1. Test of understanding: among Arg37, Arg14, Arg3, which residue is within 20 Å of Thr71 (Cβ to Cβ) and outside any loop (DSSP other than H, G, I, E, B)?
2. Quick check on my filter: what residues within the stretch 78-115 are aliphatic (A, V, I, L, M) and in contact with a helix residue (DSSP H, G or I) (Cβ under 8 Å, 6 or more places away or on another chain)?
3. Taking interchain pairs and intrachain pairs at least six residues apart, which have beta carbon atoms under 7 angstrom, with the first residue in the stretch 115-127 and farther than 18 Å from Val56 by Cα and assigned by TED's automatic domain parsing to the domain that holds Met63 and the second of a type in the set (Gly, Ala, Ser) and surrounded by 15 or more Cβ atoms within 10 Å (Cβ to Cβ)?
4. From the list Tyr97, Tyr84, exactly one residue is among the aromatic types (Phe, Trp, Tyr) and surrounded by 13 or more Cβ atoms within 10 Å (Cβ to Cβ). Which is it?
5. Out of the stretch 14-40, which residues are in contact with an Asp or Glu (Cβ under 8 Å, 6 or more places away or on another chain) and surrounded by 15 or more Cβ atoms within 10 Å (Cβ to Cβ)?
6. Looking only at the stretch 59-76, which residues are surrounded by 13 or more Cβ atoms within 10 Å (Cβ to Cβ) and either of a type outside the set (D, E, K, R) or not in a loop (DSSP other than H, G, I, E, B) (or both)?
7. Return the residue satisfying two criteria in turn: it lies in the stretch 110-129 and is of a type in the set (A, V, I, L, M, F, W, C) and part of a loop (DSSP other than H, G, I, E, B), and of such residues it is modelled with the lowest pLDDT.
8. Of the residues that make up the stretch 40-53, is at least one part of a helix (DSSP H, G or I) and either modelled with pLDDT of 90 or more or in the same structural domain as Gly24 (by TED's automatic domain parsing) (or both)?
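The values are calculated or read from the model by the stated rules, or taken from the named source; none is laboratory data. Quick caveat: nothing in here was measured; it's all calculated off a predicted structure. FYI the Cβ positions are ideal-geometry reconstructions off the backbone, even for glycines, and counts take in every protein chain you see.
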Amino acid sequence: MDRYGVDLDFANFRLNMQSLEKEGKTVVCMAIDKMPRLLVSLEEDHLAKPEALGVVTYLRDVMNMKVAMITGDNEHAAMRVARYLDIPSSNVTFRAYPNDKKRTVKRFQSQGEKVMFIGDGVNDSPVLA
């Protein structure tokens, strides 16, 4: 919101957002005329899709692949999922917009990594294209 000129310090919106994010929640802020008016926090019933842990474990332990996570989620939500999936924090990219994901994959490739990307949303389409 800072990049849009929204005053998150108004009525402690920034502190409330940070507090919710530290709980691993995704926070959406609605602003009108650059003034924050509403916070919505979202949290799924599960940390990851039911099959995710098995897939990550198989890729890492059986196929000897380096597993990384690139997500648009905030840092706390991303690290919570990474801990659950046993992905090292150094292999986690968070607050990634669709083109950030694409750049991250290109960086891995430029370092000689062979990359397999698994996406579950429309925001992953630039990488998958």
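1. Selected residue: Arg3, the only one of Arg37, Arg14, Arg3 that is within 20 Å of Thr71 (Cβ to Cβ) and outside any loop (DSSP other than H, G, I, E, B).
2. Met79, Ala82, Leu85, Ile87, Val92, Ala96, Val105, Val115
3. Asn123/Gly72
4. Numbers: Tyr97 fails: surrounded by 13 or more Cβ atoms within 10 Å (Cβ to Cβ).
Of Tyr97, Tyr84, the one residue that is among the aromatic types (Phe, Trp, Tyr) and surrounded by 13 or more Cβ atoms within 10 Å (Cβ to Cβ) is Tyr84.
5. Result: Glu21, Gly24, Lys25, Thr26, Val27, Pro36.
6. Scanning the stretch 59-76 gives Leu59, Arg60, Met65, Val67, Ala68, Met69, Ile70, Thr71, Gly72, Asn74, Glu75, His76.
7. Ala129
8. yes
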